[in-house]
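Student: Pasting in a structure now, in structure tokens, and then I'll have a few things to ask.
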Amino acid sequence: MKRTTTILSLTALLSVAAVACTDPTVAPKSTVSSANVFNDPSAYRAFLAKIYGGLIVTGQRGPDGNPDILGIDEGFGEYLRLYWYLQEMPTDEAVIGWNDPGLPSLNTGTWGASNSMVNAMYYRIFYQVMLVNEFLRQTTDAKLAERGHNDPTLVANVHTYRAEARFLRALSYWHGIDLFGNIPMVTEDDPLGAVPPAQAQRADIYAYVVSELNAIVNDLPAGGPGMAATYGRATPAAAHMLLAKLYLNAGVYTGTANYAGAVTEAAAVISSAPAYSLATNFRLNFSADNNTSPELIFTGAQDGGNTQTWGGMTFLIHAGCGGSMSAGNYGIDYCWGGYRMKQQLYNLFAAGDGRSSFFYTAGQQVNVDDIGNYSNGIAAPKFINKKANGDTAQQRGMVDTDFPIFRLADAYLIYAEANIRGGGGNAANALTYLNLIRERAYGNTSADFGGLPPVDTILAERARELMFEATRRTDLVRFGVFSSAAYLWAWKGGVVGGQALPTGRDLYPLPANELIANPNLTQNPGY
Amino acid sequence: MRRLMSYLGAILLMCGIAPATYAQQPTGTIRGRITDNATQQGLPGVSVAAGGRSVLTQADGRYVIAGVPAGAQTVRAKTIGYGQATSDVVVTAGQELVADFALTATAVTLSEVVVTGYGEQRAGNITGAVTAVTDSQFNQGRVISPQMLIQNKVPGVQVVDNNDPGGGLSVRIRGATSVTASSEPLYIVDGVPMGTGAGGGLSAGRDPLNFLNPKDIESITVLRDASSAAIYGSNAANGVVIIKTKSGKGHSRPVLEMNTNASASTVTKVPNMLNATQFADAVATHAPARVDSLLGQNTNWFDEVDRTGYGQEYDLALSNGGENMGYRLSLGYQKQNGIIRASSIDRLSLGLNYEQSLFNDRLSLSTNVRGARSVDRFTPGDVLGNAVGMAPTQPVLDPTSSTGYWDWHTTNASPSNPVASLALASDEGTTWRSVGNIQAAYRPPWVEGLTANLNMGYDLTKADRTTFYPNNLAAQVRQGQGSLYLANNSQGSSVLETYVGYNPQRSVGPGVLDLTGGYSYQQSHAEYPELRERGLTSNLLGDNGIPPATNVTNTKNVTDFKLISFFGRAGYNISDRYLASVSVRRDGSSRFAPSHQWGTFPAVSLGWRLSEESFLRGMAGLSDLKLRASWAQTGNQAIGDYLYYPTYTFSDALSKVQFGGNFITTIRPSAVDPDIHWEKTNAYDVGLDYGFNGQRLSGSVDWYTKNTSDLLFNIPIAAGTNLGNFVTTNIGSMKNHGIEFALDYKLLQPKTSGKLNWDLGFTASYNKNELTDINPNKSVSRILTGNISGGVGNLVEVLQPGVPINSFFVFEQRYDAQGKPIYDVTTPTNMYVDQNGDGIINDSDRRPFHDPTPKWILGHSSYFSLGKFDGGFTLRAYLGNWVYNNVASANGAYQNLSGSGMPSNLHASVLTTGFVVPQYYSDYYVEDASFLRMDNVSLGYSFDLKGQPFRLYGAVQNAFTLTGYDGVDPTAGLNGIDNNIYPRSRTFTTGLSARF
């Protein structure tokens, strides 16, 4: 009897086990499936915030530990830090002494197609584009209706969010064509995981970006000085600013200049309401409380307590400190001893220019004879993690200062340059705008321009006003002197006195890995 | 339904050929038991023949031959490794008679029973490449992790330890098979699979198998070739390690075993840094501005952080056995201090094995339960790097500082005092792990030869880790302001396996058949809650509390995993001469989407014992010659969970994004390939087993090749195709091929006791790995890997088709006439070879250059005894393993003296190279790390005290190492990057064991 029971139970166990448990599927627990996540209507805002954050934070753990993109050190792989490297280091403005992969050849303009910084920038740009595309796919009216999200306020908000997402895509595509030229153009209509995309012409992407911005400019949330609810978000003024920059450089992107467009769009920025104005204190724009500046149009918002990153302003403030500088004076914990000015930039500043008041010269020499030595080149700690009145920020390690992406002074300079270049508008206004900048710099009218200066003076003024704000390479390319021998600076081309760069250096190469992963791509000439 | 086929098929097959009893002429029955003449234990699987009928003995050695024609018959009993025995009997119709045999072993190595997948086999009949190592052959001395017992003992097996006491071990069997998925073997402990990854489980930071007291292990069997491993399907691509613990079987009275030992470990080598005088000279020359900050002391920072590490171990085991039962209860305690201060392991382990036979041996039950608590203390992570970098001219103590230790007064990045970190920081873990199971085997009387097995097991782990750096440490003052990390990870797994084995009692055709079929269900649930704090407001609670802090993040990650399998195997044996085995396993893994979950893994192996053939049978001295050939396909799914599943991940409290006036917790979509599926390895093995003079000389030769395709590979993807720039997908292929030799020779085998007895063992294995393909569309592509210290994001290794994985990827250094590396930063082409001739030195001029894995692994073991003395030693040599000396490359440049921080000590290589700017990518730092090491030498003396046997023994581990490598240890981990690794110790152990 006992035996029979044993046999029976064993047999039963065998067969039950074999029949019952044949499905190995398990569902994730600590992440939310894409099918469920949008059941919560707040997910739309959370997703859009991620795309904004893509300019500043590097992943889902602050300041590091869960990165968005791989193949590069997480802190190096931050969007605006990479953009800064690519826009500043090969120019007459900055030099950095670190030997980390990719950096030395950026100092000298001798990068190759495997340069890890160049590669990471390319992937950051497309990371943003792909997030936007996915966001647009997930937020169509049909999708909202499908999920029963019919609340009119929510629907209206989502419409605004979609416009903001398209602005962010336009911004990244602008970076893409400015840095790389012909790149793939992928939109929300291209499904995920499909075949590698085709390469589009720079001019076609330019046209697409312009049309996108024009299509959404009036759907963006209203913003301006004092409007905290849209601080850090894309406003109509931000879209006009981006259009102004696109038009100003249209000759580079398409072969056909559009200075009239630049004047119109810069004027739209200047006349937007509530009106932006130059901050009385120039340094407010670069301080821990720069979110209160009436001048900033669009920023990458950072916060020591909430939005932590090794890129963005954390990098710019720490790396601009070195030598005998005391970290505490800049509101940070310690100096990274990274970038300084090349002598060409330093020599642009005349005595009395308040924009050089923060230069740090003790123990520093003007000429950059040795890139690796921090004492070569005057230090310029333009960005600071202290409030403009000297008060401390939340923390010393992670900074509160926001990255100024667009500010009014740039709109003034665009207006003036485009006017001088024959873009129309009002020449008197152009002169006024320039002198507003000069007067703030000098604290009086002593350095005012008597009349509109030649356009080359604008290039120098842009360096003085916008130094280290990641516009320099684009400006030098527009003026035709980035890679030519017409203007030489220290270490250009890899020699201390400077030499012309090889042909094709006005563009960065498409990543070598990308050419393998995507056989549709043709490398830029010269690489 | 299809996945049931193999299972049902096996059952149907059995039913179809179940013997029917019939009688056409008067017959009788012969019954009996076959035993080993020496041990009196029953011998299973012995072929017993009479009157044209043959049967196999059961597990207890019993047999029954029914239907034997009446009259005079000869009963023959025969099995491999034993001399044949015969007995003449007279069978009476309708009667039963008893014929017992005691067989005498002729070649023990062939008759040994080896545990293989879901069964046991005699060693001589195995058709795959399988090596069993039993406790008498284990490495002696201080052993914390079980894997170390067989280091050097098995051809084709590389055991890589990290020198930390009980530290995480990696095992490679016949090379790495994957890039992104694990290349670790599957561990089976008493029938319980340990999960995937190194050590097969979770731990607080040391080896997960440390829960297993090595003293409790009876044997470790390594299934090297794919055909023997394939029955385990998933993860078997990397081989299988089967660990069997000791049982109480074989004892007839309670036996108490005691073992105690004490050990002392010393440092063998530390990095070759400048001494105080050399350092001061270098500063005077290269950073004169810093001369004033040097304090003229003479501090050897490694002397300050290392020590003699003492250890002690106590083991007690009580075992007893009877006719129907056996048990073994064991208790172990081991405490070992590391040779770097603050590191130690403290382990308490308990084990119980219990076996019971019921119903005339028809039902056997066994249970194995063991658990351990291991308290692991780690050297704080910054200590070794600071012992390298801290200037030797500076003192250790400073009574005026807040810590009491001297440190640089600077806000710039600089080395900090490692002794302060040892004293004030802490890094501790506790791992609780218990593994146990109940196994039942039932042999129903209605089908002789049928065994139904049930195995239910569990594996529970709780691993806590606390890392604490107070805010007054110099490095924390500069950055971080103190940190606390808490993790309370846990994992619970269970396994249910049912399988039936069937050995038809009569021959099927000319041979005997052996069938196995079954089902396995494994599931695992893991939780990883973590707390991270930076900016501590107080140090007073140390690592015992959670102080308020400026930056706090709490995260919790939960994962689930399931693996469901159906498997079957058929073995066929014709007179121990022609052997064949076919198996198939079908696995379903939760790590793939429902449409890709299932993989089928077949295997075929054949054996031909040439020595049984008439043309060789008479050959003098030849005792065994067997040719083996096998093919198998195995799978690998040892990747993270949910990599196919599109999900959204929340940001933590410190990566929120400002949106208008609010800080928003964001969501990030994952980049996945929903179509990922099993990585597959096709493996071929041809082997020869040989033995002479009654196996006095025996061994094997194996040639193998393994081709892994559909590599699970986290690769860069085309921009604009997914929500990230890397995706884990199936792409590319890899190849390993090699040769293995094993030879055992009983060199001196005296007939009389008291003379020298000496056994020798040699192993030699060659493996060549090659990544054959990454991207099928293009012939050239590469992925950089191998992160080093020094700078940020420098990668010195490459994954590139045509070369071994993780080959070094470096510039070719030029040397001057004196053999000194040329340093010329202004004209880099003078310094490095311009490989592509374009006149500039950039990434395009780096090329693959050697790789970290040894091409040849040679091992020798000697065991000897003379009277009351016994002893042994093992030697190991690696040839063709290269190491990147990262300590030299990161610290071998004068620029480290003159940066914005305070000067850092330099590696002595700078005196040769004269590098000012670090040259991380120079192949000067890639060194040949071939070595010869005496891993182990031991001596024991046995004596009786009041009738009880005692053994006194001593052992030295890492007695010497001969190598040309300049760094700390030529076995610098799997990836061959020597970056402030834990130094290797030399360990002296003395111990006493006794039995009562």
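Student: Of all the strands (runs of 3 or more DSSP E) wholly in region B:67-158, which have at least 1 residues that are more than 22 Å from the chain's Cα centre (by Cα) and either modelled with pLDDT of 85 or more or not hydroxyl-bearing (Ser, Thr, Tyr) (or both)?
Tutor: Of the strands (runs of 3 or more DSSP E) lying wholly inside region B:67-158, those with at least 1 residues that are more than 22 Å from the chain's Cα centre (by Cα) and either modelled with pLDDT of 85 or more or not hydroxyl-bearing (Ser, Thr, Tyr) (or both) span B:71-78, B:85-91, B:96-98, B:101-103, B:113-116, B:119-122.
Student: Sort through B:Asp652, B:Asp675, B:Asp702 and tell me the only one that's in a strand (DSSP E or B) and among the charged types (D, E, K, R). So that I can check it myself, show each step before the final result.
Tutor: On the way: B:Asp652 fails: in a strand (DSSP E or B); B:Asp675 fails: in a strand (DSSP E or B).
Of the residues listed, the single one that is in a strand (DSSP E or B) and among the charged types (D, E, K, R) is B:Asp702.
Student: Still on this structure, I have one more. Check whether at least one residue in region B:520-542 is more than 14 Å from chain A (Cβ to nearest Cβ) and charged (D, E, K, R), and report yes or no.
Tutor: No; the residues of region B:520-542 include none that is more than 14 Å from chain A (Cβ to nearest Cβ) and charged (D, E, K, R).
Student: For region A:466-480, check the following and say yes or no: at least one residue is closer than 22 Å to A:Asp410 by Cβ and touching a Gly at 6+ places or on another chain (Cβ under 9 Å).
Tutor: Yes.
Student: Give the residues of region B:543-580 that are in contact with a helix residue (DSSP H, G or I) (Cβ under 7 Å, 6 or more places away or on another chain) and either over 23 Å from B:Leu712 (Cβ atoms) or more than 10 Å from chain A (Cβ to nearest Cβ) (or both), sorted by residue number.
Tutor: B:Phe567, B:Gly568, B:Arg569, B:Asn573, B:Ser575, B:Asp576, B:Arg577, B:Leu579
Student: Would you check which residues across region A:203-230 are over 13 Å from A:Leu243 (Cα atoms) and without any contact (Cβ under 8 Å) to a residue 24 or more places away in the chain and list them?
Tutor: Once the filter is applied, which keeps residues that are over 13 Å from A:Leu243 (Cα atoms) and without any contact (Cβ under 8 Å) to a residue 24 or more places away in the chain, region A:203-230 yields A:Asp204, A:Asn218, A:Ala222, A:Gly223, A:Ala228, A:Ala229, A:Thr230.
Student: Mind checking whether some residue in region B:598-614 is assigned to a strand (DSSP E or B), of a type in the set (Ser, Thr, Tyr) and farther than 27 Å from B:Pro193 by Cβ?
Tutor: Scanning region B:598-614, I find no residue that is assigned to a strand (DSSP E or B), of a type in the set (Ser, Thr, Tyr) and farther than 27 Å from B:Pro193 by Cβ, so the answer is no.
Student: With the checklist (1) surrounded by 21 or more Cβ atoms within 10 Å (Cβ to Cβ); (2) hydrophobic (A, V, I, L, M, F, W, C); (3) over 27 Å from B:Val701 (Cα atoms) in hand, flag the one item B:Val558 doesn't pass.
Tutor: Of (1) surrounded by 21 or more Cβ atoms within 10 Å (Cβ to Cβ); (2) hydrophobic (A, V, I, L, M, F, W, C); (3) over 27 Å from B:Val701 (Cα atoms), only one is false for B:Val558: (1).
Student: May I ask you to say which residue of A:Leu106, A:Leu136 is more than 22 Å from A:Pro511 (Cα to Cα) and in contact with a helix residue (DSSP H, G or I) (Cβ under 9 Å, 6 or more places away or on another chain)?
Tutor: When all the criteria are applied, what remains is A:Leu136.
Student: Can I ask one more? Among the candidates A:Tyr123, A:Tyr83, which residue alone is assigned to a helix (DSSP H, G or I), within 13 Å of chain B (Cβ to nearest Cβ), in contact (Cβ under 8 Å) with a residue 24 or more places away in the chain and under 27 Å from B:Arg782 (Cα atoms)?
Tutor: A:Tyr123
Student: Sticking with this structure for a sec: Restricting to region A:350-367, count the residues that are of a type outside the set (Phe, Trp, Tyr), away from chain B (no Cβ under 14 Å) and part of a loop (DSSP other than H, G, I, E, B).
Tutor: Adding up the residues that qualify gives 8.
Student: May I pose another question? Considering only region A:315-337, state which residues are crowded, with 22+ Cβ neighbours inside 10 Å and not in a helix (DSSP H, G or I).
Tutor: Those that are crowded, with 22+ Cβ neighbours inside 10 Å and not in a helix (DSSP H, G or I): A:Gly320, A:Cys321, A:Gly322, A:Met325, A:Gly331, A:Ile332, A:Tyr334, A:Cys335, A:Trp336, A:Gly337.
Student: Looking at (1) under 23 Å from B:Ala237 (Cβ atoms); (2) at pLDDT 90 or above; (3) surrounded by fewer than 22 Cβ atoms within 10 Å (Cβ to Cβ), can you tell me which one B:Tyr745 breaks?
Tutor: Status for B:Tyr745: all satisfied but (1).
Student: Let me ask another. Which residue pairs have Cβ atoms under 8 Å apart, sit 6 or more places apart or on different chains, and have a first residue in region B:543-559 that is in a loop (DSSP other than H, G, I, E, B) and a second that is of a type in the set (Gly, Ala, Ser) and surrounded by fewer than 17 Cβ atoms within 10 Å (Cβ to Cβ)?
Tutor: B:Pro547/B:Ser538; B:Pro548/B:Ser538
To keep it simple, each residue is scored yes or no on (1) surrounded by 22 or more Cβ atoms within 10 Å (Cβ to Cβ); (2) in a loop (DSSP other than H, G, I, E, B).
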position: A:Asp369; (1), (2): no, yes
position: A:Phe383; (1), (2): yes, yes
position: A:Asn389; (1), (2): no, yes
position: A:Pro404; (1), (2): yes, no
position: A:Leu413; (1), (2): yes, no
position: A:Gly422; (1), (2): no, no
position: A:Leu434; (1), (2): yes, no
position: A:Pro453; (1), (2): no, yes
position: A:Thr457; (1), (2): no, no
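Student: When you scan region A:142-256 for helices (runs of 4 or more DSSP H) that lie fully inside it, which ones turn up with 1 or more residues that are at the interface with chain B (Cβ under 10 Å from one of its Cβ atoms)?
Tutor: A:152-180
Student: Which one of B:Asp845, B:Asp851 is of a type in the set (Asp, Glu) and under 36 Å from the mean Cα position of the chain (by Cα)?
Tutor: Only one candidate qualifies: B:Asp851.
Student: Further question on the same structure: From the list B:Gly720, B:Gly732, exactly one residue is of a type in the set (Gly, Ala, Ser), in contact (Cβ under 8 Å) with a residue 60 or more places away in the chain and either more than 14 Å from chain A (Cβ to nearest Cβ) or more than 17 Å from B:Tyr863 (Cα to Cα) (or both). Which is it?
Tutor: Just one listed residue meets the conditions, B:Gly732.
Student: Condition test on A:Gly331, is it within 14 Å of chain B (Cβ to nearest Cβ) and on the phi > 0 side of the Ramachandran plot? Before the answer, list the steps.
Tutor: Values: within 14 Å of chain B (Cβ to nearest Cβ): yes; on the phi > 0 side of the Ramachandran plot: yes.
Yes; evaluated as a whole, the condition is true for this residue.
Student: Test each condition in (1) within 24 Å of the chain's Cα centre (by Cα); (2) away from chain A (no Cβ under 14 Å); (3) of a type outside the set (Gly, Ala, Ser); (4) crowded, with 20+ Cβ neighbours inside 10 Å for B:Gln637 and report the one that comes out false.
Tutor: So B:Gln637 meets the others, but not (2).
Student: Here's another thing I want to ask about it. Inspect all residues belonging to region A:499-509 and state whether any of them is outside any loop (DSSP other than H, G, I, E, B), within 14 Å of another protein chain (Cβ to nearest Cβ) and at pLDDT below 95.
Tutor: Our first condition is that a residue be outside any loop (DSSP other than H, G, I, E, B); within region A:499-509, this holds for none.
Within region A:499-509, not a single residue is outside any loop (DSSP other than H, G, I, E, B), within 14 Å of another protein chain (Cβ to nearest Cβ) and at pLDDT below 95.
Student: If you don't mind, another one. Looking at region A:1-26, which of its residues are modelled with pLDDT of 85 or more and out of contact with any helix residue (DSSP H, G or I) (no Cβ under 9 Å at 6 or more places or on another chain)?
Tutor: A:Val26
Student: Follow-up. For region B:751-817, which strands (runs of 3 or more DSSP E) that fit wholly inside it have 1 or more residues that are within 33 Å of the chain's Cα centre (by Cα) and more than 14 Å from chain A (Cβ to nearest Cβ)?
Tutor: In region B:751-817, B:757-773, B:807-810 are the strands (runs of 3 or more DSSP E) which contain 1 or more residues that are within 33 Å of the chain's Cα centre (by Cα) and more than 14 Å from chain A (Cβ to nearest Cβ).
Student: Checking the condition part of a strand (DSSP E or B), under 27 Å from B:Ala888 (Cα atoms) and out of contact with any Phe, Trp or Tyr (no Cβ under 7 Å at 6 or more places or on another chain), which residue from B:Thr266, B:Thr299, B:Thr277 passes? Reasoning before the result, please.
Tutor: Numbers: B:Thr299 fails: part of a strand (DSSP E or B); B:Thr277 fails: part of a strand (DSSP E or B).
Every option except B:Thr266 fails the conditions.
Student: A follow-up question, please. Being out of contact with any helix residue (DSSP H, G or I) (no Cβ under 7 Å at 6 or more places or on another chain) and of a type in the set (Phe, Trp, Tyr) is the filter here; which residues of region A:183-242 pass it?
Tutor: If the condition is that a residue be out of contact with any helix residue (DSSP H, G or I) (no Cβ under 7 Å at 6 or more places or on another chain) and of a type in the set (Phe, Trp, Tyr), then A:Tyr208 is the only one that fits.
Student: Still on this model: When you look at B:Leu397, is it within 21 Å of B:Tyr485 (Cα to Cα), more than 14 Å from every other protein chain (Cβ to nearest Cβ) and either of a type outside the set (Gly, Ala, Ser) or buried (at least 20 other Cβ atoms within 10 Å of the Cβ) (or both), yes or no? Reasoning before the result, please.
Tutor: Working: within 21 Å of B:Tyr485 (Cα to Cα): no; more than 14 Å from every other protein chain (Cβ to nearest Cβ): yes; either of a type outside the set (Gly, Ala, Ser) or buried (at least 20 other Cβ atoms within 10 Å of the Cβ) (or both): yes.
In short, no.
Student: Looking at A:Val477, is it surrounded by fewer than 22 Cβ atoms within 10 Å (Cβ to Cβ), in contact with an Asp or Glu (Cβ under 8 Å, 6 or more places away or on another chain), more than 14 Å from every other protein chain (Cβ to nearest Cβ) and closer than 15 Å to A:Thr91 by Cβ?
Tutor: yes
The values are calculated or read from the model by the stated rules, or taken from the named source; none is laboratory data. Since this is a predicted model, take the numbers as computed values, not measurements. Note: ideal-geometry Cβ built from the backbone for every residue, glycine included; neighbour counts use all protein chains shown.
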